[in-house]
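Student: Sharing a structure with you now.
The values are calculated or read from the model by the stated rules, or taken from the named source; none is laboratory data. Remember, predicted model here, so these are calculated numbers, not experimental data. Cβ placement follows ideal geometry from the backbone for every residue including glycine, while neighbour counts extend to all protein chains displayed.
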Amino acid sequence: MRQLYGIHHVTAVTSSAQDIYKFFTYVLGMRLVKKTVNQDDVKAYHLFFADEAGNPGTDMTFFHFPRIQKARHGTNEIYRTSFRVADDEALSYWEKRLTHYQIKHEPIKSIFGRKFLYFQDFDEQLYALVSDENVPGIPSGQPWKKGPVPNEYAILGLGPIFLRVSHPDIMNDRLVNHLGMRFIKKEESLSLFEMGEGGNGGSVIVDFQRFLPQAQPGYGTVHHVAFRIPDQDTLHEWRIYFNEKKIPNSGYVNRFYFESLYSRLYPNILFEFATDGPGFIDDEEDLEHLGERLALPPHLRNRRELIERMIVPLDTRRAHLTFEKEYFPNVEKKPYQA
């Protein structure tokens, strides 16, 4: 039963809930499927951006902790998140789109036979787009049909997660011997691992960088990565395994939208193990209006009035908007307004 089925979600830290909402909605064309708060610190927003229906394996989430310091990238961190697109033609579209919005990016490159396009946001959070062309594996999600990106070029879910470490032997042991991933191959400083059906939705890329400074947490970096497991029974199997191996872990945590377990199997890098369900369509929001109101899990609803006073107002209503699908035959640079 102890098996991982792919990437579930990635959670990062932003300097601005408003700006990251605009960036993911209007530039990346990903749908905000849940606007809620950090369940351990209700003064902080927790925003979930995903595909059309918020399917597991498609969402990147953000904490906005007021007054947090800027991160410093280095070694021993989850340093880059990637997003899947359908094919190489979609990557060419995204080169034009990122140029149009003056988003800092690099030329398309090939890693492990897969094509990537690196870029970053206003916080210097590091991302990539990756083509699914000729890369079989875990099925992708679905485009946000009402978003500004044409459906054929839309982001379809999470791709490989990049880890940077100073002790690759320790990380390799954790990924293979504890998490059951498969070592696939190595290219220079990079090593590719896969889980489940593999492909872009089930890959981890480890970058060996011994001499970089230690990464420091803050806004502009990833907080944790979560791996997919099917249900609560499997989650408890992982809890039993970690306890038997004396691996520190959080124990069972109910996040309402999914159930979780957390562990730092490698120093400074937090892994989460999250169930595919129940999901984001619940008693507060239907599919049509996902992410438009402040949603709270049941145990926080009696504190709604207090929570709404503590957080910065954030208007995320979109059901009344019509986004024009944007094509860029002749690229005209347009400054991105955060």
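Student: Report every pair of residues separated by at least 6 positions or lying on different chains whose Cβ atoms are under 7 Å apart, first residue within region 175-203 and of a type outside the set (A, V, I, L, M, F, W, C), second surrounded by fewer than 20 Cβ atoms within 10 Å (Cβ to Cβ) and modelled with pLDDT under 95.
Tutor: Taking only residues 6 or more apart or on different chains, the pairs are G180/R2; G180/Q3.
Student: Next question, about the same structure. Does R318 fit the bill of being basic (K, R) and surrounded by 16 or more Cβ atoms within 10 Å (Cβ to Cβ)?
Tutor: Details: basic (K, R): yes; surrounded by 16 or more Cβ atoms within 10 Å (Cβ to Cβ): yes.
So R318 passes the test.
A quick yes/no check of all residues on (1) at pLDDT below 95; (2) of a type outside the set (K, R):
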residue: L4; (1), (2): no, yes
residue: T25; (1), (2): no, yes
residue: K35; (1), (2): no, no
residue: T61; (1), (2): no, yes
residue: Y93; (1), (2): no, yes
residue: H100; (1), (2): yes, yes
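Student: From the set of residues in region 2-17 that are over 16 Å from F48 (Cβ atoms) and in contact with a His (Cβ under 9 Å, 6 or more places away or on another chain), which is surrounded by the most Cβ atoms within 10 Å (Cβ to Cβ)?
Tutor: Residues of region 2-17 that are over 16 Å from F48 (Cβ atoms), as a first pass: 2-6, 15-16.
Next, only the ones that are in contact with a His (Cβ under 9 Å, 6 or more places away or on another chain) stay: 15-16.
Working: S15: 23, S16: 19.
Going through the qualifying residues, I end up with S15.
Student: Another one. Quickly run through region 33-48 and pick out the residues that are more than 16 Å from A319 (Cα to Cα) and out of contact with any Pro (no Cβ under 8 Å at 6 or more places or on another chain). Please lay out each step first, then the result.
Tutor: So in region 33-48, the residues more than 16 Å from A319 (Cα to Cα) come out as 36-48.
Scanning region 33-48 gives V37, N38, D40, D41, V42, Y45, H46, L47, F48.
Student: Specify the residue that is surrounded by the fewest Cβ atoms within 10 Å (Cβ to Cβ); the eligible residues are those in region 109-132 that are among the aliphatic types (A, V, I, L, M) and touching an Asp or Glu at 6+ places or on another chain (Cβ under 7 Å).
Tutor: Residues of region 109-132 among the aliphatic types (A, V, I, L, M): 111, 117, 126, 128-130.
When the remaining residues are screened for being touching an Asp or Glu at 6+ places or on another chain (Cβ under 7 Å), the result is 111, 117.
On the way: I111: 16, L117: 23.
Restricting to residues being among the aliphatic types (A, V, I, L, M) and touching an Asp or Glu at 6+ places or on another chain (Cβ under 7 Å), the top hit is I111.
Student: Next question. Mind checking whether some residue in region 272-285 is polar (S, T, N, Q) and in contact (Cβ under 8 Å) with a residue 24 or more places away in the chain? Break it down stepwise before answering.
Tutor: Applying the first criterion (polar (S, T, N, Q)) to region 272-285 yields 275.
Right, trim to in contact (Cβ under 8 Å) with a residue 24 or more places away in the chain and you get 275.
Looking for residues that are polar (S, T, N, Q) and in contact (Cβ under 8 Å) with a residue 24 or more places away in the chain, one finds at least one in region 272-285, hence yes.
Student: Just to check your reading of the model, which residue among D132, D123 is of a type in the set (D, E), in contact (Cβ under 8 Å) with a residue 24 or more places away in the chain and touching a helix residue (DSSP H, G or I) at 6+ places or on another chain (Cβ under 7 Å)? Spell out the reasoning first.
Tutor: Numbers: D123 fails: touching a helix residue (DSSP H, G or I) at 6+ places or on another chain (Cβ under 7 Å).
After applying the criteria, what remains is D132.
Student: Looking only at region 157-198, count every residue that is part of a loop (DSSP other than H, G, I, E, B) and either over 19 Å from Y79 (Cβ atoms) or of a type outside the set (G, A, S) (or both) and tell me the total. Before you say what the answer is, go through the steps one by one.
Tutor: Initial filter on region 157-198 (part of a loop (DSSP other than H, G, I, E, B)): 166-167, 179-181, 188-189, 195-198.
Applying the additional criterion that residues be either over 19 Å from Y79 (Cβ atoms) or of a type outside the set (G, A, S) (or both) yields 167, 179-181, 188, 195-198.
Adding up the residues that qualify gives 9.
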